[in-house]
Amino acid sequence: MFRRLLFACAAATLMAQAPAITFDKLHHDFGRISPDKKVAAKYKVTNTGNAFLSITQVRPSCGCTYTMLGKWSLAPGEATEIEAMFDPKGVKGLVRKSIEVVCNDPKTPNISLSLEADVVQEIMPSVEAVYFHSAPKTVPARSQVRYASGNGEPVQLVDVKAPGAPFLTFSYRSEGKDLVLEVAFDGRKVPAGQLRGVETASVRFTNPRMSQLPLNIQWDLKPTITPSPAEVVFQGEAGKEQRQKLTLKQADGKPFRILSSRPSLQGLRVEGLNQKAATMDLTVILPADLKAGRYSDVLALSTDDPDQPELTIRVVALLK
């Protein structure tokens with residue numbers, strides 16, 4: 001009986017011996033920081049148990065955070081530090097990162113530490129790209145970008161340059177300590193035959209640490225020739241020739257001519273090409289030898305209109 005009691009006490013003692021991991025904090029807030037300054041936070045870790053604590057892994061959530069651990073094994077009552085370093089380069093705004101700590105504490109084998117920072121650039125653009133979608137050919141289109149001050153100093157512009165893009169002009173004004181840049185796109189100055197493009201403007205400031213920021217400008221012109229319907233759809237039984245009407249209209253009322261048609265679907269053809277008019281009716285013909293199934297085609301039409309030398313129309317066929 002005594003021996004059984006002795007073994008039970010010994011087992012209870014062994015079961016009671018276990019490490020316990022304790023941190024002085026689980027979260028660190030760096031507050032507002034600049035993107036060119038690396039920062040570090042320290043988390044004190046203590047073994048408050050009565051057996052050796054082994055830390056096996058310290059895993060940051062991303063490559064912009066890396067860690068250093070003073071000791072991987074701690075005796076009861078011993079402490080060390082986990083140092084987490086954060087590189088905010090290329091990051092902006094409020095960010096939050098985590099660090100997973102894995103150990104042999106039976107009650108808490110996984111603990112998540114966290115850190116956060118508000119990465120504030122000295123000059124903060126409201127957008128990094130401007131889009132002019134379906135811009136008219138006849139009147140300029142405009143868009144704005146706000147460059148906000150992140151350091152309390154007024155944002156001052158040196159110049160804006162967009163090489164090889166005479167259809168882009170820039171003007172600016174100050175609003176408090178911010179600067180508002182207006183981008184104007186003049187479709188009338190776009191070279192004939194160009195329907196879309198991507199330009200990069202260089203925006204230069206007096207700020208020595210952020211002297212230049214790129215601004216991407218994407219654009220496409222509103223078509224001068226519009227098809228009706230916008231998509232030609234055939235539905236019916238296979239083995240029969242099908243026809244659909246297609247009307248093309250020049251927005252300015254200028255007569256134009258279709259020079260050629262290039263369907264990707266074999267056997268598809270277009271009738272009514274030999275005409276010159278501001279509005280013309282064509283017939284798109286689906287051949288009878290197509291088998292049942294779903295087909296998708298792009299019909300390309302070349303024109304003599306200098307503002308729109310090519311027109312593409314989607315053709316869909318659903319045959320039973």
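Just so it is clear, none of the values below were taken in a lab; they were calculated from the coordinates. All of these numbers come straight from a predicted model, not from anything done at the bench. Counting neighbours? That spans all protein chains shown, and the Cβs are built from the backbone with ideal geometry, glycine included.
Show me the ranking of peptides 41-53, 273-285 by mean Cβ neighbours inside 10 Å, starting with the highest.
41-53, 273-285
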Original post:
region 221-263: which GluC sites (Glu not before Pro) are DSSP loop and have at most 15 other beta-carbon atoms within 10 angstrom?
Top reply: Glu237, Glu241
Subject >> Pairwise label distance in nanometres, Tyr131 with Gln17, each label 7 Å out on the Cα-Cβ vector >> reply: 6.6
Subject >> Most mobile listed residue (Leu157, Leu168, Leu265) in the chain, GNM with C-alpha springs under 10 Å >> reply: Leu265
**OP:** With a Förster radius of 25 Å, plug the Cβ-Cβ distance of Val316 and Gln218 into 1/(1 + (r/R0)^6) and report the FRET value to the nearest 0.05.
**Re:** 0.35
Subject >> Projected label distance in nm at Ser171 and Asp87, using a 7 Å step from Cα toward the beta-carbon >> reply: 4.4
Original post:
Considering amide H positions built from the backbone, and no H for Pro or chain starts, which residues 5 or more places from Gln156, or on another chain, come under 5 Å of its amide H?
Top reply: Thr206, Asn207
Original post:
Taking θ as phi - 60°, what are the ³J(HN,Hα) couplings along region 258-268 by the Karplus curve (6.51, -1.76, 1.60), each to the nearest whole Hz, with x for Gly and Pro?
Top reply: 7, 7, 6, 10, 10, x, 8, 8, 4, x, 5
Original post:
Normalised by the number of residues in the chain, what is the relative contact order in percent for Cα pairs under 8 Å and 6+ residues apart?
Top reply: 12
Subject >> Net length gained if the chain between Asp118 and Lys44 were fully extended (0.36 nm per residue, minus Cα distance) >> reply: 24.3 nm
Subject >> Cα centroid separation, region 53-88 to region 249-287 (Å) >> reply: 70
Original post:
Among 139-151, 288-300, how do they line up from the highest to the lowest mean number of other beta-carbon atoms within 10 Å?
Top reply: 139-151, 288-300
**OP:** Subtracting the Cα-Cα distance from 0.36 nm times the residue separation, let me have the gained length for Asp29 to Lys245 in nm, one decimal.
**Re:** 71.2 nm
**OP:** Report ³J(HN,Hα) in whole Hz for each residue of region 180-195, in order, from the Karplus equation J = 6.51 cos²θ - 1.76 cosθ + 1.60 where θ = phi - 60°; Gly and Pro get x.
**Re:** 10, 9, 9, 9, 10, 10, 10, x, 5, 9, 6, x, 4, x, 8, 10
Original post:
Where in region 73-168 are there GluC sites (Glu not before Pro) that are in a DSSP coil and have at most 14 other Cβ atoms within 10 angstrom of their Cβ?
Top reply: Glu78, Glu128
